[in-house]
Each structure stands twice: as C-alpha cells, then as structure tokens.
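Data first, discussion second: the structure below is written as structure tokens.
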Amino acid sequence: MSAHADNHAHDDDHGLHHHKETFITKYIFSQDHKMIAKQYLVTATILGVVAVVLSMMMRMQLAWPEEPNVIFEALLGKWAPDGVMDADIYLALVTIHGTLMVFFVLTGGLSGTFSNLLIPLQIGARDMASGFLNMVSYWLFFLSGVIMVGSLFVEAGPAAAGWTIYPPLSALPMAQGGSGMGMTLWLVSMAFFIASSLLGSLNYIVTVINLRTKGMSMTRLPLTIWAFFVTAIIGVVSFPVLLSAALLLIMDRSFGTSFFLSDIFIQGEVLHYQGGSPVLFEHLFWFLGHPEVYIVLLPALGITSEVLATNSRKPIFGYRAMIASILAIAFLSTIVWGHHMFISGMNPFLGSVFTFTTLLIAIPSAVKSFNFITTLWKGNLQMNPAMLFSIGLVSTFITGGLTGIILGDSALDINVHDTYFVVAHFHLVMGISALYGMFAGIYHWYPKMFGRMLNKNLGYIHFWITAICAYGVFFPMHFIGMAGLPRRYYTNSNFPLFDDLANVNVVITLFALFGGLVQLIYLYNFFVSMFYGKKAVMNPWKSTTLEWTTPVEHVHGNWPGAIPHVYRWSYDYSKPGHDEDFVPQNVPLMEGEEELQH
Amino acid sequence: MTTLLTIIVLVFILVAIWQMIKIFDLAQTRTKGLTPEVATDKDNSLNGYLMIAFLVFIYAITIVCFVKYGDLPLTSNSASAHGPTIDNLMIITMFVIFFVQTITQFLLHYFAFKYKGEKGRKALFFADNNKLEAIWTIIPVIVLAGLVIYGLNTWISVMGVDESDDPLVVELYAQQFNWKARYAGADNTLGKANVRLIDIDRANILGLDESDPNAQDDIITTELHLPVGRPVLFKMRSQDVLHSAYMPHFRAQMNCVPGMITQFGFTPTVTTAEMRETPQMQEKITRINKIRVEKSKALIAKGEDALERYEFDYLLLCNKICGRSHYNMQMNIIVETQEEYDAWIAEQKEFKNSLLN
C-alpha cells in the first residue's frame, strides 16, 4: 500500500510540472493520452470513410451489375473500363473494406480512441503507464493504415482474397492478381498493425493494474474500464497467433516453404509445395479471428453500459454479473474459433465440440442484453444522441446475436455457411453494434475530447436515419442468404436461380447508399463542432465518473491539482438520501451512508 | 442512367434532411439557462415516441420480409434424405429466435418510451437482483441445451457416413473456375490420383494414376448425374485453391482443400423432373421467368438478345472465394431414375479409353 501512495506522490509532482510544448510535441509526436486518443479517432474516421466508399461501390455493383457507372469510372480508373467494374477489383473492394473496418476502424479506432482517452481519466491516473510506447503504438497504427490504403494503388491490384486471406489463393500470385504486391503490402501492413495493437494493449493492461487512484478498487471501476482491460488481454493472447500465421504465409510466399500449401497444379504447372495444409492457416487465423469479434464488441458494450447508466440516471443493473459476463465472453471467445470451420474438412467431431462452446457464449450475451434492458426500467431516460446509439446497439446486438444461434449450430451452418445470411449476421452483431458503440462514445465524450458540444439535432437525425438504414440493409439480407445466395459473388446474373433476388438487392443498395450519405451529416457535425460547437461545461451529462472532474481545457497530467481519491463505485445515480440524482465517485460517503454491496 | 437517377434522388433526400434540420433548429425553445446541447424534456419525449415508431418499423420489416421473401428460403422442399431434419431444426430455431426477438425488442423500445426523462422525476435506485440474474441465466441455458442436443444429433446423423449402405462414390474435383465429377466405375472404387500426375497432353486432366487398376474404369464428366434414392458419397478434391462444393437444394456443403480429400454424403430423394413439378418450384420458376421477360424487353430495345427461359436444375455452386470468376463456378446436377442414370453413364467414356497417346 505504501508503494501505491509513493506512486501518487510522484504523479502529483508530475502534474504540476509543465514543460514547454512545441507544435510537433503537442499535436504530432504527442505522448499525452488525450491527444493520442484524438489522433486515433481522426485517423480511424478517415479510414472509415474509405471503407464505407468501398462498400458503397460493392453495393452499386450488386444492384446494377452490368450497367456502366460514372462513379466507378471516376474512382476505379483502369479497373472500371467504360464504367463497368472489373471482377478482380470487386473482390479487392470486399477484402479491403473488411480489413479496414474490422481492424482499423473497430479495433484500432475504437479501442485506440476510448481506451486511451478513458483509462487514465476514469481510473484517476496522470497518463498511460508508458507515454512513449503509447506514441509508438499510434504511429505504427498510422503507418499500417497508410500502407493498407497505399496498397489500393498497386499495379496488379490490392489484396483480393477476402479479409480472411485463406491460402492458397492469397499465397499464389498466379491464382489472383491481388495476391502479388497487393498481398505483400497487406501482410506488411498487418504486421505493423499487430505490433501497434500489442503495444497499446500491454499499456492498457499495465495502466489499469498499476495506476488506479486511491480507493479505486477493481469493483469500483466503471464497466468501460473492465471492457477495455479484458479486451486488451484478449488482444495480447490472440493477436500474436495472427502474426505467426502472417509470418508463415510470408515464408510460403517468398521463401518456398510449405506450411499451408500442398499438391498444387495451377496454370498448367505443378508447384513444388508438399505437406502443408490450408486448414492449419484457418485454425491460426480464426484463433485470432473469433476473439477479434469480441475485441471489437466488448469496448462497444462497455461504452454502452456507461452511457445507458448515465442517461437512465440509474445504476447499471447487475454490475457484478456484467463483469462476470465480460470475463465469460472473453474466456469462451478463445475456444470457439472452429465454428468458422465446420465444413472446412475438419473432423466432424471437433465440429460438435465447437458447436457446444459456441452456443455457450449466448448465455453471457443474453445476461448482458437483459441487464441493459433492466437498466432502462423505471429510469429517467435522457435521450441524448449517445443514449440513442446505445439503445440502438442493444437492439442490433439482439437481432444480430440471435441469428448466431443458427450459424453456431453446425448442422444448420452447412446450408447457410458463406451465404448472405452470414453477412447479415456479423454486420448487425459486430459491425453495426460496434459502430453504434463507437458513435455513442463519440457523442458522449466529445465534450471531454474537444471541449465543445456536438449539435444534438444533427445527432438525432444521424441516429434515426442510420438506424432505419442499418435494418433496411441487413434485415432483408438474411432472406437472400437463406435462399442460398453465396457471398463474394461479383454478380449473381450467371445464376437465373437467383433472378428473383435481384430486386431485394436493389432495395438493400438504396438503403446502403442513403445510410452511407447520412454519415456526411455526422462528419459535418464532428469537424465543424470542433471549432464552432457550443462550449462544453465540466460535467454536461451529470456523470459520476472521474473524467468529468477534470477541467474542460486539457492539461498535461489531467488534474491541475492532486488526483482525486475515490470513495464509492461508479454508478451512484439517483441514490436515495442525496439531493442530486448523481454522486460522483470522489465524493466521500455521508455519515451513516453505506456503500452498496454490489 | 439508373445511377444518375439514383444520385438525383439522393441529392433531393439530402436537401430534405437539410430542411428538417432547419425546422428542428427553429423549433428549439430558448435554451438560456440550460446546459447547451443536452437533451431537454421535449427531446426526451420526441425521441421516446420515435422509439415506439422504430419498434413498429422493426416489426413491419420483419413481416414484410417474411411475406415477400419468406418463400425464397431453402427451409422447405429439400431434395435429400437428411434435408427435412435440417429444415425442421432450422424452423424450430427460427421460431425460438423470433419469439425472443419480438419480446426483447418490445421491452427495449417500450421502456425507452415509457421511462423517457422528465425534469424532477427520480429514477428507481435498483442495482442488483440475484433472482432476476438467475432467471435469465437459467432460461437461456435450458433453451440452448435443447437446441444443442437437437443440433448435435442432427449434425452427427448428417456427417456420419454409413459405408454398409454401399454408397455410390463420386469425386467432386474443383479447379479455377469449374467443376468435374469422377465416377468410380463398375468397381465403385476411385483410382489413386494426385495433381502431380496431371498430363494435359495425354488428357489426364485430374492426375489419375494410370497404373492403378482401380483408375481404369473411372469416368470423368462435366455434369453430375445421380440416381434417385441411392446414397452418394462425395470425395472432394481441389487442384489449386480452396473451393467449396455447395449444393443448397440438398442441404449439403463441404470445402475442397488442395492437398487433402474431404467428404460429404447424402441421398437424393427427388428427381429433377419431380422437383420441377412441385408447386413451390413452379411458383418460383414462373416468378423468375416473369422477371426475365421484363429484362428481355429492355435488352431487345437495346438491340441485344433476349434471355433464355429459365428451367430449374439442381446446382453445385462454388461457395469459397477462389478468384476472379468465383461468381460463375457452377455445375448442373441431374437427379434421375436408376434406368436413366444407367443409360447416361453407359454413354460416358472410361478413363482408360479417354487418354490420348
């Protein structure tokens, strides 16, 4: 305990010490977690715009397959002669859209922004455990993003083997144009990304364990911190496995090894590879790939817990059950990867095991959903834009999560595997849900990040139209999947069997285009409010957590004076016996007041 | 042209949104004394009602999708012996899902409406209740246990291959971007094969071992014919990248992996001719042909050829991204009576006779 106290004494000194900052140390090579969080957010926003534009082009291609399109001609150049999209570039759009969204926006962007911003502020620390590593982590992320976007301009085309980059397709340049330089850049970019993610995650873990302020026990932590903390642990456990898969793939591609390749005859010649197996790659990939879903989702759920409680003016329901379900999800997420491989040629008995573990995950997920809903019950709901996105998240999480019961069941997966049913499922449960979590976080903590408020009316319009479009896009998609339409088809017109799905595809595309364009309202709000938004007050949402005890104007070290001590858990909303409907964590217990045995 | 029209429509919609924002702004009462950009009672109330509207929207889109597209899904009319078991499991699971979906979405959105914030009201301080937590842990456990047991039974019965049934052994051979089928011939044993033995000049396109006696009577075809009622055991092979043999009407799918042989077995129960006569299929064919006639009109106007009339055939599709022409990697499957099948197979060349010297 004394070591703990010493730490704080040291931290307090640090907080008072202001060193001169130049433009470069303040805005570019900053080691301040708040600035790094903003850097992550802006970078992820830009990459997100690229990813959305790619998906819009995919949707236009699917709705109007053979028709020349001026947009294709303008954006794709030689890949769309006379405005007709090339089949190779379609697969590249699929691949890069998936990669950017999953890794760069919803992993780097979501965790990078909010773990960085909130961990020190909510646990009461001056900064991350290592500001320097934090800075390195961001710049590796930036570099990997630049390489990934740069790969779009490669002569033979960007990587086009799907975001899962299964070999041999991804390993053999003769199998696909995108498996040459494009895939090399993809792998290099991912290597940097993984390094960035690991540095970030280690920093988050160490910070949460060591730098909590006095009184901030683990069971007083806000659920955001629990979510970020556990997410970082999953990342540290599973990302290295993807790195190893990527390295082995690089070996196969460039140095003639046969980890994943065997007995291949392509373009008239037999290749020398012998003894490897693509199924091994699938195992390695999904050992990260499935936990990755929760790396994306848990922070969003953590943010939602915080936003729902604050805006319901109620404690989050079942705080300990929420922590238990986060831990259960994290543990189970590492033993379910095989449900992506039921029909990969893996032994059917293994399929049974993975079906069992996969359906187990539905239990903590159900607990979380019911706890969210009960948090609203008899609340006094403040419908701020962040609140709307959080309610929206619970809605899409349920809708998307439920169809997981079909996909996780190996017998049913046989028939819907790799169809649009899967596309609909994962976009709702992890894509849209995580995106809503991110938006909720942005609307909620924008005042903390930029000292100004986002326009709420633009926020309302942004939410409602996005919500309608998200369902409009992904709900009908389940049905074309159940009709047997495979995903990753450049056009469906070679199958008259699917002709009656064409009009569904047009409807989906119209919702998608509209939903995509509406994000411009958000971008306008985001960038304009940064300079012209209404000035924020210190605690606009009347929240209990420590970040709202810091001044609106950022100071290095977060608190100008001593770090506040914590006397209660983070959800004392509408506690009987208090005048205000919230009691910040740094307010000591009143005489005779008992802390809730949560 | 369509694109241009779409863009124009979208621009109009954006203008409409712009107007809406202005109306929202003008409708704002004086915000003096309030924290800027934080929801007021008015906002709470408006968004509370919108929550109910959104609930109605979710229900509506569900109903519309089921009514309009509900007959598209492959949840009925399967053509294999194990098909109905998978379909039953699917229907039961769907029923559970939609029951839970309807109730939870109702609770979520109704609470969001019912408890919309009002100044001066205090929320209920309700942080924990072990009984409730236990209830919504145990109920999913029971429901999922049922689904898991049912699902695993189905899975094991589908994936188990009973060699004593004397299944017809057929190899499905995948390559960028087409399928071949190899019948085992009179001995019902596939000859040894490896892509290293491929000799295009001698027309040994699947790399069969020419010295293997079992290979001599193998038959390689580009169309898959199956006799109705006889179990088939497919052995899948790929020569280049991953492919997936997807036969949706038979509820069958298995990846084709270079370097290894995978397998999947089923018994076709409905011939192609019978399937074409089923009411569901008739309806689907009529609907598709109506669409194709409409499309053809537009094509003829452009001076192009009209589309052919669609007639149903079972299909084998590639369902694992495999490169440029992944979207067009297909093979027809014809299920027919034993006599028709025998007549067809008798016409095909055996491997030993198909080699060039």
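Computed from Cα positions, the angle between helix A:87-99 and the longest principal axis of chain A comes to roughly 20 degrees.
Computed with every protein chain present, the accessible area of B:Ile334 is close to 30 Å² [probe 1.4 Å].
Rolling a 1.4 Å probe across all protein chains gives A:His578 an accessible area of roughly 30 Å². Applying 1/(1 + (r/R0)^6) with R0 = 22 Å to the Cβ-Cβ distance of B:Ala134 and A:Glu595 gives a FRET efficiency near 0.40. Label separation (B:Glu350 vs B:Arg276): 3.3 nm, computed from points 7 Å beyond Cα along the C-beta direction.
In the complete set of protein chains, residue-level accessible area for A:Phe397 is approximately 10 Å², probe 1.4 angstrom.
Work the Kirkwood hydrodynamic radius out for the stretch A:238-362: mean of 1/r over every pair of different alpha-carbon atoms, inverted, in Å. Could you put the intermediate results ahead of the total?
Details: mean 1/r = 0.0581 Å⁻¹.
Here the Kirkwood hydrodynamic radius works out to 17.2 Å.
Computed extension gain for B:Glu339 through B:Lys114, at 0.36 nm per residue and net of the alpha carbon distance, reaches 74.2 nm.
Here are some pairs, B:Lys22/B:Lys119; A:Lys368/B:Lys284; A:Lys368/A:Lys456; A:Lys378/B:Lys22; which of them have Cα atoms lying more than 31 Å apart in this structure? Flagged as over cut-off: A:Lys368/B:Lys284; A:Lys378/B:Lys22.
When the GluC sites (Glu not before Pro) in the stretch B:262-357 are filtered for DSSP coil states and for at most 16 other beta-carbon atoms within 10 Å of their beta-carbon, the remaining sites are B:Glu304, B:Glu308, B:Glu311.
Kirkwood analysis of the Cα pair distances in the stretch B:85-198 returns a hydrodynamic radius of 20.7 Å. Scattering from chain B was approximated by placing one identical point on each alpha carbon and applying the Debye formula without solvent; log10 I(q)/I(0) at 0.06, 0.14 1/Å stands at -0.42, -1.24. Here chain A is described by how far its Cα atoms reach on the three principal axes: 82, 52, 47 Å, from widest to narrowest. The calculated FRET efficiency for B:Ala298 paired with B:Ile7, based on their beta-carbon distance and R0 = 22 Å, is about 0.60. Helix A:110-123 and the longest principal axis of the C-alpha atoms of chain A enclose an angle of approximately 20°. Dipole check for the protein assembly as shown: with +1 at the C-beta of Lys and Arg, -1 at the C-beta of Asp and Glu, and the Cα centre as origin, the magnitude is about 3800 Debye. Each residue of the stretch B:204-295 gets 154 Å³ once the volume of the Cα convex hull is shared out per residue. Kirkwood analysis of the stretch A:100-166, using all unique Cα-Cα pairs, places the hydrodynamic radius at 13.9 Å. Do the sum for chain A: with -39,500 (n - 2.57) for every DSSP H run of n ≥ 4, divided by all residues, what is the mean residue ellipticity at 222 nm, to the nearest 500 deg cm²/dmol? Only helices count here, giving -20500 deg cm²/dmol. Put simply, the amide H of B:His82, placed in the peptide plane, has neighbours under 5 Å in B:Thr267, leaving out anything fewer than 5 places away on its chain.
Note on B:Lys290: lysines with a C-alpha under 23 Å away, same-chain residues under 8 apart excluded, are B:Lys68, B:Lys302. If R0 equals 35 Å, the separation of the Cβ atoms of A:Phe29 and A:Ser244 corresponds to a calculated FRET efficiency of about 0.70. Given their separation in residues at 0.36 nm each and the Cα-Cα distance between them, B:Arg309 and B:Ile52 gain 87.9 nm when the chain is fully extended. Taken as entire DSSP H runs, the helices of chain B that both span 18 Å or more between Cα atoms along their own long axis and average 1.0 or more on the Kyte-Doolittle scale are B:2-27, B:41-69, B:83-114, B:130-159.
The stretch between A:Tyr532 and A:Ser254 holds 94.8 nm of extra length on full extension. This uses 0.36 nm per residue minus the Cα-Cα distance.
Principal-axis analysis of the Cα atoms of chain A puts helix A:223-255 at an angle of about 30° to the longest axis.
Its convex hull of Cα atoms gives the stretch B:30-139 a direction-averaged projected area, equal to a quarter of the hull surface, of 11.3 nm².
The values are calculated or read from the model by the stated rules, or taken from the named source; none is laboratory data. Just so you know, these numbers come straight off a predicted model, no measurement behind them. Quick reminder, even Gly has a Cβ in these numbers, built from the backbone with ideal geometry, and neighbours come from all protein chains shown. For the accessible areas, the whole protein counts, side chains as well, though only heavy atoms, and no ligand, DNA or RNA atoms are used. Shrake-Rupley method; radii C 1.70, N 1.55, O 1.52, S 1.80 Å.
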